[in-house]
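A short worksheet on the structure shown next.
The values are calculated or read from the model by the stated rules, or taken from the named source; none is laboratory data. Treat the numbers as computed from the prediction; the structure is a model and nothing was measured. When we count neighbours, we look across all protein chains shown, and the Cβ atoms used for this are built from the backbone with ideal geometry, even at glycine.
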Amino acid sequence: MAQVLDYASWVRTLTTAQIYERAERYLQTRLVTAFRETFGEAIPEQLNGSHSMLIMASELDPASRRIVEYLSEGHGVAINTVFFNFFEANGQEWLTTDFLLDQEEVEERSERKVRPPWSGYYFVNAGLDEHRSWTDMKRYGFVSAGGGEFYTKRLEQLAVGDEIFVYDKGKGYIGYGTRRTRLKRRSNFPSR
């Protein structure tokens, strides 16, 4: 227990530059390259914004259990314990895992604690390409969503007066606006 808390308190102090330095020394390549190859996307600008602690054990003494529950449930710290059990049945060997606390609840509690209060602004990815132009959106006063019903429905949830920032991947934030009228749904594609 003390060891995982010590590691977490040390990791928290690392800057983005220090993480790059350590990772590149270990990987023997640029971290941005390794990250893109592994996860298929660009590395976040800020690293170490949050972290979690996971204790692996075959069993946990009552005092350690109380500490994990106290930190996670009482203070929203992202800490949990995973148990590994090995057994044999019908001539086969099995390895099972189980968490002390519900891992999804642990993550949700810690995200709520770290997440800043909502600003009241909405963010829209313009999804610009050869068929969707920011020039047209500015000229005619609209923002559209493509890529399917999921994205269109999100725009439909905006109320008149809601403020939005418009984002374009690769360029950053490119506009700001306020929803003025009820949305009109229009599709260039036939219904399926």
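Just a few scattered comments:
- Taking the criterion of being at pLDDT 90 or above and either under 27 Å from the mean Cα position of the chain (by Cα) or more than 24 Å from SER9 (Cα to Cα) (or both), the residues of the stretch 57-72 that qualify are ILE67, VAL68, GLU69, TYR70, LEU71, SER72.
- Residue satisfying condition, being under 19 Å from the mean Cα position of the chain (by Cα) and of a type outside the set (A, V, I, L, M), within set THR16, THR29: THR16
- Residue in the stretch 137-151 that is modelled with pLDDT of 80 or more and within 19 Å of the chain's Cα centre (by Cα) present: no
- Just one of the numbered conditions (1) more than 25 Å from GLY161 (Cα to Cα); (2) under 16 Å from the mean Cα position of the chain (by Cα); (3) surrounded by 10 or more Cβ atoms within 10 Å (Cβ to Cβ); (4) touching a residue at least 24 places away in the same chain (Cβ under 8 Å) is not true of PHE123: (1).
- The number of residues in the stretch 73-93 being assigned to a strand (DSSP E or B) and closer than 17 Å to MET56 by Cβ comes to 8.
- Annotation: LEU101 fulfils all but one of (1) outside any loop (DSSP other than H, G, I, E, B); (2) under 30 Å from ILE55 (Cβ atoms); (3) modelled with pLDDT of 80 or more; the unmet one is (1).
- Unmet requirement for LEU60, which otherwise passes all of (1) free of Cβ contacts under 8 Å to residues at least 60 places away in the same chain; (2) out of contact with any Ser or Thr (no Cβ under 7 Å at 6 or more places or on another chain): (2)
- The lone exception for GLN46 - which of (1) under 27 Å from ASP98 (Cα atoms); (2) loosely packed, with under 11 Cβ neighbours inside 10 Å; (3) among the polar types (S, T, N, Q) it fails: (1)
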